[in-house]
Amino acid sequence: MMKNSFFLRKFIPDFSNISPPSKFLKLQCLYFYTSQAASPVYSQVGSDDEYADIDWDAMEFGLTPTDYMYTTKCTQQEDGFPQGQLNRYGNLELSPAAGVLNYGQGIFEGMKAIRREDGQIVLFRPEQNALRMKVGADRMCMPSPSVTQFLDAVKQTALANKRWIPPPGKGSLYMRPMLLGTGPILGLGPAPEYTFLVYASPVRNYFKEGSAPLSLYVEQEFDRASRGGTGGIKTISNYGPALRPLMKAKTKGFSDVLYLDSVNGKYVEEVSSCNIFMVKENTISTPPINGTILPGVTRKSIIEIARDLGYNVEERPIPVEELLEADEVFGTGTAVVVASVGSITYHSQRVEYRTGDNSVSKRLMSTYNGIQNGVMEDNKGWMVEIR
Ligand SMILES: Cc1ncc(COP(=O)(O)O)c(C=O)c1O
């Protein structure tokens, strides 16, 4: 216990001389955020009011630092993580030799806390994220928090930052649990110490009213994942290499990249940060989870919703040529929820798809949002109320 609190004092910036946010502290929290990417909407912080003093309508889908983050740490030898604690949100102090910095030993999760019209704060299937973190931790030779501990940490962080949870319909509090090899290591090997932390940022809904559907570019020069690699887990080391193809696609005017399998360069895998589905008549198809595709929580849920709505859903390899013949294509993920794809460009061929009010993706999205917002019955017990 002593050891743990000693670590936390060293590891977390010392804000002990600063009282918790109060209405007298407007602007003071800016001190904590000096190295963060500035976003104009958080220029006014610190209030005991029900809501943080920001313009919820001007909020972007980007980082807005909040008040608190959860942290706990353990060594390779210890039997799991001790109870963590909430500290003021701030920078980490790390050894330059930290495993995560040198060898990319880190994984993360992404989920949302939502405020409903009746004031309830809810999470969507958070145990799925906890389980995915466990699988990822095992692949990356890291100890992982138990499911209970993961849920507790997310819940504590969401409630501590409750004033940052947007009003109903304006967005959500994006929760970012991270598991990092923070101990120093020079030779290649698992780090001697690990940190599990959770921070949060309010985000607007990814798609604003009237946003354009996605325009995807089929990537053929770069692969996202290889057979036997780490495509199926949410390791930080999957995302850096995805930047070059993403920037290439954006430079050409596309909104995102669609990856093909690395063995044949033939089968559709996924988009940079969402899973992909195609619709042909009454059948919805999506690539199977085979180790190279991230098993999305949204993907899994949309498959269930679609079956309940009477669609025939298939998980099977989809040749890119077949995708070009689809009626409709959409992506799924925590950030985008269900994003309709307006066009896909493969070689120099550009194919357009059905979008809009009569699309299947719109119907799936309405059901999914209805369950999350509490206007439709949650007969699967997906929603977890934390307040
Ligand atoms: C590569 C990748 N695929 C798919 C997803 C969608 O996963 P989820 O639905 O759990 O957000 C994500 C987002 O986490 C992702 O990064």
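Read-outs throughout are calculated quantities, based only on the coordinates presented, and are distinct from any laboratory measurement. Keep in mind that what you see is a predicted model, and the values were worked out from it rather than measured. Neighbour counts are summed over all protein chains in view; Cβ atoms, including those assigned to glycine, are modelled from backbone coordinates with ideal geometry.
Compute, for the chain, the length of the dipole vector about the Cα centre, with Cβ point charges of +1 (Lys, Arg) and -1 (Asp, Glu) only. Units Debye, rounded to 20.
Charge dipole of the chain: 720 debye, to the nearest 20.
Could the peptides 98-111, 229-242 be put in order, highest first, of the mean number of other beta-carbon atoms found within 10 Å of their residues?
Averaged packing, sorted descending, gives the order 98-111, 229-242.
What is the magnitude of the charge dipole of region 98-192 about its Cα centre, with +1 placed on the Cβ of each Lys and Arg, -1 on the Cβ of each Asp and Glu, and no other charges, expressed in debye to the nearest 20?
Using Cβ point charges on Lys, Arg, Asp and Glu, region 98-192 gives about 300 debye.
Under a crude label model (7 Å from the Cα following the beta-carbon direction), how far is residue 226 from residue 127 in nanometres?
Each label point lies 7 Å from its Cα, and together they span 3.7 nm.
Rounded to the nearest 10 degrees, what's the angle between the helix 2-11 long axis and the longest principal axis of the chain, both from Cα atoms, 0 to 90?
70 degrees
Can you sort 164, 382 from fewest to most other Cβ atoms within 10 Å of each residue's own Cβ?
So the residues, fewest neighbours to most, are 382, 164.
Where the centroid of each part is defined by its Cα atoms, how far is region 244-307 from region 121-191 in Å?
24 Å
Specify the angular offset, from 0 to 90 degrees and rounded to the nearest 10, of the alpha carbon long axis of helix 297-308 from the longest principal axis of the alpha carbons in the chain.
50 degrees
If the chain between residue 188 and residue 135 were fully stretched, how many nm would it gain, using 0.36 nm times the residue separation less the Cα-Cα distance? Mind showing how you got there, number by number?
Details: separation 53, 0.36 × 53 = 19.08 nm, distance 2.13 nm.
Contour length minus the Cα-Cα distance gives 16.9 nm.
Read phi for every residue in region 186-198 and hand back ³J(HN,Hα) as whole Hz from Karplus 6.51 cos²θ - 1.76 cosθ + 1.60, θ = phi - 60°, with x for Gly and Pro.
For region 186-198, the Karplus-derived couplings read 9, x, 4, x, x, 5, x, 9, 10, 10, 10, 9, 9 Hz, x marking Gly and Pro.
Net charge around residue 142, counting only other residues with Cβ within less than 15 Å of its Cβ (Lys, Arg = +1; Asp, Glu = -1)?
Net charge in that neighbourhood comes out at 0.
Compute the angle between helix 126-139 and the longest alpha-carbon principal axis of the chain, please, reported from 0 to 90 degrees and rounded to the nearest 10.
90 degrees
Taking the convex hull of the alpha carbon atoms in the chain, what volume per residue do you get, in Å³?
Dividing the Cα hull volume of the chain by its residue count gives 144 Å³.
Once you have the Cα-Cα distance between residue 314 and residue 376, take 0.36 nm times their residue separation minus that, and quote the gain in nm to one decimal.
19.8 nm
Quick one: of 73/380; 73/155; 300/362, which pairs are farther than 25 Å apart, Cα to Cα?
Beyond 25 Å between Cα atoms: 73/380.
Out of residues 5 or more away from residue 280 or on other chains, whose amide H comes under 5 Å of its own, with H placed 1.01 Å from N in the peptide plane?
Under 5 Å from the amide H of residue 280 lie the amide H atoms of 285, 327, each far enough along the sequence or on another chain.
Would you be so kind as to identify which of 220, 368, 272 lies farthest towards the positive end of the dipole of region 214-373, taking Lys and Arg as +1 and Asp and Glu as -1 on Cβ and the Cα centre as origin?
Result: 272, furthest along the dipole toward the positive end.
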